[in-house]
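Novice: Have a look at this one before I ask anything.
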Amino acid sequence: MSAHHGNTPAAWTAVVIALAGFAVGGIGLMFDPVSYPVFWVGVGLTVAAGVVFVVMDRMGLGDR
């Protein structure tokens, strides 16, 4: 394990996007009736966080 494990721009950006995705998805589930479009936007944001991490890591902003 490196000295700065996880403390990279790629990791922080992915975590912020994933956190926003979970928050949006959770808000969608709290509506009555449940707002599935809002929920799926949150799921999409969470998946996009993984893609953003991989792209930024390959751009050299990760821990290598």
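Novice: Computed from the mean reciprocal separation of all distinct C-alpha pairs, what Kirkwood hydrodynamic radius does the chain have, in Å?
Specialist: Roughly 12.5 Å, rounded to one decimal.
Novice: So, one more: Between the helical axis of 9-30 and the dominant principal axis of the chain, each derived from Cα atoms, what acute angle in degrees is found, rounded to the nearest 10?
Specialist: Helix 9-30 sits at roughly 10 degrees to that axis.
Novice: Relative to the present Cα-Cα distance, how much length would full extension add between L61 and F22 at 0.36 nm per residue of separation?
Specialist: Here the segment from L61 to F22 would lengthen by 11.6 nm.
Novice: Over the chain, what is the relative contact order in percent, taking alpha-carbon pairs closer than 8 angstrom and at least six residues apart?
Specialist: RCO, the chain: 44 percent.
Novice: Ranking L45, L61 by Cβ neighbours within 10 Å, fewest first, what do you get?
Specialist: L61, L45
Novice: Using 7 Å Cα-to-Cβ label points, what is the V38/N7 separation (nm, one decimal)?
Specialist: 3.7 nm
Each reported figure results from applying straightforward, stated rules to the coordinates on display, with no laboratory input. This is a predicted model, so every value here is computed, not measured. Neighbour counts are summed over all protein chains in view; Cβ atoms, including those assigned to glycine, are modelled from backbone coordinates with ideal geometry.
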